[in-house]
Amino acid sequence: VQLQASGGGLVQAGGSLRLSCAASGIIFSIYNMGWFRQAPGKQRELVAGITRGGSTTYADSVKGRFTISRDNAKNTVYLQMNSLKPEDTAVYYCNAALGSANSWGQGTQVTVSS
């Protein structure tokens, strides 16, 4: 399984970024996908998830600002992040889950300046 995340960067508060995670080596459509993040000194936390059926879930802190989506034809999951806040600064990781098996991407840095 390979998960290649991209789209991170430096943005001012109130700005937007779109993260992408391209998957290979798996039958993408049967996997539940998610975005997690880890800020310095903090535990990794779930940001958003999308099931293989398209149901979504979000952390309370990002509801109404972030949107997760998937394109099974492109084996890619996206995270549209709007109204970014400095507290969104973290390394964002893509996750692919099937049953008890989990795979992680390499992470992409998101930095939001105030």
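The values are calculated or read from the model by the stated rules, or taken from the named source; none is laboratory data. All values derive from a computational prediction rather than experimental measurement. As a convention, Cβ positions derive from the backbone with ideal geometry for all residues, glycine included, and neighbour counts pool all protein chains shown. What goes into the accessible areas is simple: the full protein's heavy atoms, side chains included, and nothing from ligands, DNA or RNA. Shrake-Rupley method; radii C 1.70, N 1.55, O 1.52, S 1.80 Å.
Would you mind telling me the share, in percent, of accessible area of the chain contributed by carbon and sulfur at probe 1.4 angstrom?
Details: 2770 of 5870 Å².
With neighbouring chains kept in place, the figure for the chain is 47 percent.
Tabulate in residue order the Karplus-calculated ³J(HN,Hα) for the stretch 74-80, using 6.51 cos²θ - 1.76 cosθ + 1.60 with θ = phi - 60°, rounded to whole Hz; enter x for Gly and Pro.
Listing the rounded values in order: 9, 6, 9, 10, 10, 9, 8 Hz.
Per residue, how large is the accessible surface of the chain? Use a 1.4 angstrom probe and give square angstrom. Mind dumping the intermediate values first?
On the way: 5870 Å² over 114 residues.
It amounts to 52 Å² per residue over the chain.
Convert each backbone phi in the stretch 40-50 into a coupling constant with the Karplus relation 6.51 cos²θ - 1.76 cosθ + 1.60 (shift: θ = phi - 60°), then list the ³J(HN,Hα) values in order as whole Hz, x for Gly and Pro.
Working through the residues one at a time gives x, x, 10, 7, 5, 10, 6, 9, 7, x, 9 Hz.
Going by Cα centres, the stretch 39-64 and the stretch 2-38 are how many Å apart?
Comparing the Cα centres of the stretch 39-64 and the stretch 2-38, I get a distance of 12 Å.
How large is the dipole of the chain about the Cα centre if only Lys and Arg carry +1 and Asp and Glu carry -1, each at its Cβ, rounded to the nearest 20 debye? Don't skip to the end; give the middle numbers.
Working: 10 positive and 5 negative charges, 17 e Å.
Dipole magnitude for the chain comes out near 80 debye.
Relative to the compact globular guide of 2.2 N^0.38 Å, what is the alpha carbon radius of gyration of the stretch 4-114, as a ratio? Spell out each step's value before the answer.
Working: Rg = 13.2 Å, N = 111, 2.2 N^0.38 = 13.2 Å.
Ratio of Rg to 2.2 N^0.38 Å for the stretch 4-114: 1.00.
Whole-Hz Karplus ³J(HN,Hα) for the stretch 98-114, in order, using 6.51 cos²θ - 1.76 cosθ + 1.60 and θ = phi - 60°, x for Gly and Pro?
9, x, 8, 8, 10, 10, 10, x, 7, x, 9, 7, 10, 10, 10, 8, 8
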